1. In segment 662-675, what count of residues is obtained for those that are surrounded by fewer than 23 Cβ atoms within 10 Å (Cβ to Cβ) and assigned to a helix (DSSP H, G or I)?
2. Identify the residue in segment 44-60 that is among the hydrophobic types (A, V, I, L, M, F, W, C) and assigned to a loop (DSSP other than H, G, I, E, B) and, among all such residues, is least open to solvent (accessible area, probe 1.4 Å).
3. Which pairs do you get when a residue that is at pLDDT 75 or above, found in segment 691-718, comes within reach of a residue that is open to solvent by less than 10 Å² (accessible area, probe 1.4 Å) and acidic (Asp, Glu), reach meaning Cβ atoms under 6 angstrom, with the pair 6+ apart or on two chains?
4. Scan the helices (runs of 4 or more DSSP H) fully inside segment 260-363 and keep the ones with 2 or more residues being at pLDDT 70 or above and within 16 Å of GLY646 (Cα to Cα).
5. Which of the residues belonging to segment 775-800 are at pLDDT below 80 and either open to solvent by 70 Å² or more (accessible area, probe 1.4 Å) or among the hydroxyl-bearing types (Ser, Thr, Tyr) (or both)?
6. Looking at (1) more than 21 Å from TYR629 (Cβ to Cβ); (2) at pLDDT below 80, which is the one condition that is false for ASP536?
7. Go through segment 557-573 residue by residue and tally those that are in contact with a helix residue (DSSP H, G or I) (Cβ under 7 Å, 6 or more places away or on another chain) and surrounded by fewer than 22 Cβ atoms within 10 Å (Cβ to Cβ).
8. Which of (1) open to solvent by 70 Å² or more (accessible area, probe 1.4 Å); (2) closer than 19 Å to PHE698 by Cα; (3) out of contact with any helix residue (DSSP H, G or I) (no Cβ under 7 Å at 6 or more places or on another chain) is the odd one out, the single condition HIS829 does not satisfy?
Amino acid sequence: MRKVKNNRAETRKTLEAMVRRDELNSRLKFAAASEKEILFNKLGTTLEGLNEALVDDAREKFGNNRVTHGKKDSLFKRICKAFINPFTAILSGLAAVSIFTDIVLVAPGEADPMAVIIILTMVLVSGILRFVQETRSGHAAENLLKMITTTTNVRRQETGNREIPLEDVVVGDIVHLAAGDMVPADMRIIHAKDLFISQSALTGESEPVEKTSGAVQGGDALTEMPNLAFMGSNVISGSATGVVAATGDDTIFGEMAKSVSAKPVQTSFERGINTVSWLLIRFMLVMVPIVLFVNGFTKGDWIEAILFALSVAVGLTPEMLPMIVTTCLAKGAVAMSQKKTIIKNLNSIQNLGSMDILCTDKTGTLTQDRVVLLYHLNIHGQEDNRVLRHAFLNSYYQTGLKNLMDVAIIQRVQEEQDKVEELRGLANKFIKVDEIPFDFERRRMSVVVANGKTQVITKGAVEEMLSVCKFAEYEGKVEPLTDDIRAYILKKVDDLNDDGMRVIAVAQKNNPSPVGAFSVADESDMVLMGYLAFLDPPKESTSAAIKALQEYGVGVKILTGDNDKVTRCVCRHVGLPVDRILLGSDLDAMTDTALGKAAEEVSVFAKLSPQQKARVITALRNNGHSVGYMGDGINDAAAMKASDVGISVDTAVDIAKESADVILLEKDLMVLEQGLIEGRKTYANMIKYIKMTASSNFGNMFSVLAASAFLPFIPMLPIQLILLNLIYDLSCTAIPWDNVDKEFLAKPRKWDASSIGKFMLWIGPTSSVFDITTYALLFFIICPAVVGVSGVALDFRAPDLSAQATLFIAVFHAGWFVESMWTQTLVIHMLRTPKMPFVQSHASAPLTLLTMTGIVALTAIPFTSLGKSIGLAPLPFEFFPWLALTVFLYMALVTAFKRIFVGRYGELL
């Protein structure tokens, strides 16, 4: 019934969202199609703006101009997330059982809370550490997101033009935009002058879009309407006035943000941790009942058997795993923060290391999201400084705001003038006579300059320029522009376009004879000189970063909303081979199965919508890949959420930073290589702990079963077993700082529960061999020597044990207690690397120091009052030569099995 209600609620929400979206689209289309006066009347505003009363009415009707990026977790929820995971759940359950068996159900005065305290201390410390680290990382990311622009220029009746916070903008406000401004809401442009807006954050298009003010009829997509400007875009050049038609969540930006706020998918790391947890739980479910019944039936004391089975369950759980995992992740996050990289979620550092495919947007991520003049060519495609000189004069002497191409031309001349004589001092050598401004019908602009002679210099779109040219500079001569030469020119331009460049043409005419002032009529009979080719260039570090990623086993795929020609050119510049490009229209015709196959073979996808990007990533993840996605726009946010790890760059919009797990604060993409290394170190040290501890505990359980079946007493008291595990685990807390072999870092590492199971089955029983020999040594040699009587002659089932039997058991417990710690701890150094320990591969100093300290401390416990209080007795000197021999033979056997394991399965960890 509850499920049916939930489905109905979800359906109702979906329908409400669809109705709201239709209303929004209708409102924006009405705004685009209406004349200014009709639109003002509909929105209740004027050219002078709203008054305060109308502002309040609009805010009440349409809401604030805030975009919901997803609700922030409450303090209680964050605490719960820090403390609740499979391992802490296991330990908390065992602690609850222990409360009843050790405290509630025992006789008065015999309650012993030590086991409960030890278990709960591990849970508490692990949870607190994780909570503190994630809170710090979250605060750092929030501070970063506060750095975006938050004001805009609004005209209102009482105050005139003034800057107000973005969130205070309401429907009906008159907003003034200038170059560099962020568009604060979805707006209808009512006046524009040379307005170019970048919508790359919304659509992925690298080129700025022209915006005009006239009413537009037609069924174009909203983002293609030339008189609408949208929240999340920004003004590249020109100026404009607009009226706000939609705010906050009602904007296109807000709609896309809402799709990102859905529940995130489970990452490969989270799946891996859960798989490991269930593997250990299954082992417990099998082993614990066996231990319980074997001890219950053989010893006859069921209460003691329950307590011992409980301690076995604790022994099978890597108690410190939550703490080890959190410390490894936090250490990686701290290392990345020193490289000016924010790790918003601690799990992300490991996901970064497991990544074997990086999908990335192009614009602003691999490229600089700016226009540069790449080539200045004559019509034969050869570099020609005359073309650059005339282009400079056209750009420099035009009035008004210069667009990105004008800036690129001027910058190129400034860079070249020290090396090229004819480019020096151009600004001082000519006098401006007149200009013919740019307009969107002609798609060209002209300036008239004089320097002994008068010249009209025109630049603009190639086809429009050909329409006003009668001649061309062909093979060094001015020749009539024949059909053959025209076709030759268009072929050259097509070649440049195929390389992803935006091409405009430059032409000139000497000594024109205007009738009155210069006008469009003077743009005729001109001589075509050549072309200017512009490109959004790759970041300087892009090629090196892609090469480094490939060397570390990470494939790179481009997922962009831009066109295929531009994308192919960028790929060539950054060293990515492109054999085939899939377009968004191709994806629409593919089933998920077909896309999954194609995604393996194709490295470049172009003209993708945000949902199509997410679909490609989902297909790759369903194929078993660990996928990262790097982007900077609102159109990348859904793809980030669909990936295992979302990466944002320094210039990203706020919703992209909100969606990302990792934020690069600097333009250097080489930090991705460092992120891979830190992530793989994190994985290496976590998997070391899991495999070593799980196999060691698994081997101990076989030893316990053997001892339970053949010894007349329990081989180790529950409190002794839990204390042994605690000290061992504490000695492992330095593992996050351990060294990792370079060979291990060379390829991606994924969580594989089956490899942990194989490791346990192969390596675990090796310790059992020497545990059993230690049992025999203690039972037949060491204990009888201390007590003075054979164990066979003592009655261990008597209700009141004799002093000799009590001492015999205490010495036995102490011997196995010490031997277990020596073998478990020294084998850390054996299993942390496939190489020869201490010779070919060295553990870090902290790990070496802590493990040796753990051995010394535990070896001393039987000789202390603590040892006496938990049922241990001092060991004789004769025990230690036997212990040394046991440890030596154990390490030799582990080395042999390690080599067999590597030979069979290819790797140790």
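1. Qualifying residue count, segment 662-675: 3.
2. Restricting attention to segment 44-60, the residues satisfying the condition of being among the hydrophobic types (A, V, I, L, M, F, W, C) are 47, 50, 53-55, 58.
Still in the list and also assigned to a loop (DSSP other than H, G, I, E, B): 47, 50.
On the way: LEU47: 77, LEU50: 3 Å².
This residue is LEU50.
3. SER703/ASP771
4. Numbers: elements: 268-299, 302-316, 321-337, 347-354.
Per the criteria, 321-337, 347-354.
5. First, pick out the residues of segment 775-800 that are at pLDDT below 80: 791-800.
VAL792, ALA793, ASP795, ARG797, PRO799, ASP800, listed by residue number.
6. Single failed check for ASP536: (1).
7. Initially, segment 557-573 is screened for residues in contact with a helix residue (DSSP H, G or I) (Cβ under 7 Å, 6 or more places away or on another chain), giving 558-561, 565.
Among the residues that remain, those that are also surrounded by fewer than 22 Cβ atoms within 10 Å (Cβ to Cβ) are: 565.
Qualifying residue count for the region: 1.
8. (1)
The values are calculated or read from the model by the stated rules, or taken from the named source; none is laboratory data. A quick note: this is a predicted structure, and the numbers were derived from the prediction, not measured. Cβ sites come from the backbone with ideal geometry, for glycine too, and all protein chains shown count toward neighbours. We work out accessible area using only protein heavy atoms, side chains counted, and drop any ligands, DNA or RNA first. Shrake-Rupley method; radii C 1.70, N 1.55, O 1.52, S 1.80 Å.
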